Amino acid sequence: MRMHRPASSLIDRLVYDDEAYTLLVTFRKGGRYLYRDVPRATYDALVAAPSTGSYFNAELRDRFAGAPADGRRRYPLDERAA
């Protein structure tokens, strides 16, 4: 598991699970979303991007299956957590 706090006005925290290929994104204005089937290379590029928010909007937001993370389960979209 990898955690990153980017210098971003949009994103507060990123948590990536290497085994489940899931990315949990916590937004500064509230809300947490879990994206599934995110390759490690995509997470690495997000962390390294000059603008985390711009990269997220262009490369992740509408390209990966995502759902609000309700906090009841650690990885709500991961079948292993069901």
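The values are calculated or read from the model by the stated rules, or taken from the named source; none is laboratory data. Keep in mind it's a predicted model, so treat the numbers as computed, not measured. Cβ atoms come from the backbone with ideal geometry, glycine included; neighbour counts cover every protein chain shown.
Numbers for the structure displayed
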| read-out | value |
| --- | --- |
| Filtered residue count, the range 19-45, keeping only those that are within 18 Å of GLY66 (Cβ to Cβ) and assigned to a loop (DSSP other than H, G, I, E, B) | 10 |
| Residues of the range 41-75 satisfying the condition of being surrounded by fewer than 12 Cβ atoms within 10 Å (Cβ to Cβ) and within 16 Å of MET3 (Cα to Cα) | ALA41, ALA48 |
| Every residue from the range 37-62 that is modelled with pLDDT under 95 and basic (Lys, Arg) | ARG61 |
| Among (1) touching a residue at least 40 places away in the same chain (Cβ under 8 Å); (2) buried (at least 18 other Cβ atoms within 10 Å of the Cβ); (3) among the hydrophobic types (A, V, I, L, M, F, W, C) - the single one LEU10 does not satisfy | (2) |
| When residues of the range 14-29 are limited to those that are within 9 Å of the chain's Cα centre (by Cα) and of a type in the set (A, V, I, L, M), the one nearest to ARG2 (Cα to Cα) | VAL15 |
